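Take a look at the structure set out below.
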Amino acid sequence: MARIAVEPGDQSSYLVTVHDGDRRTTHAVTVTSQDLDRYAPAGTTAERLLQASFEFLLEREPASAILSTFALPVIERYFPEYPREIRKRI
């Protein structure tokens, strides 16, 4: 099972590292306060939302297929069920 590490970057950007065996991928993801309001229950941190979002993504594709830089709402373009499913996970 992959290990996911989330580190805050500048303002609303985060660095997400996925360790899967001897493979490692890094992803720069932007999460705004509007994204938090839209996708997560009140009081959820961006870090927790990203953790759950990457768990969601890794169930559907390998870490190497996840974009290296993206804004969180991009997930919904590829996976329309994301908004509904992510709230269930948090």
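Taking (1) among the acidic types (Asp, Glu); (2) at pLDDT 95 or above; (3) not in a strand (DSSP E or B) in turn, residue 10 satisfies each apart from (2). Checked against (1) touching a His at 6+ places or on another chain (Cβ under 8 Å); (2) part of a strand (DSSP E or B); (3) surrounded by fewer than 14 Cβ atoms within 10 Å (Cβ to Cβ), residue 5 meets all criteria but (3). Among the residues making up the stretch 14-34, a single one is closer than 16 Å to residue 66 by Cα and acidic (Asp, Glu): 20. The criterion of at least 1 residues that are open to solvent by less than 60 Å² (accessible area, probe 1.4 Å) and under 12 Å from residue 2 (Cβ atoms) is met, among strands (runs of 3 or more DSSP E) falling completely within the stretch 13-90, by 13-20, 23-30.
The values are calculated or read from the model by the stated rules, or taken from the named source; none is laboratory data. The model shown is predicted, which means the values in this text are computed figures rather than measured ones. Note: ideal-geometry Cβ built from the backbone for every residue, glycine included; neighbour counts use all protein chains shown. We work out accessible area using only protein heavy atoms, side chains counted, and drop any ligands, DNA or RNA first. Shrake-Rupley method; radii C 1.70, N 1.55, O 1.52, S 1.80 Å.
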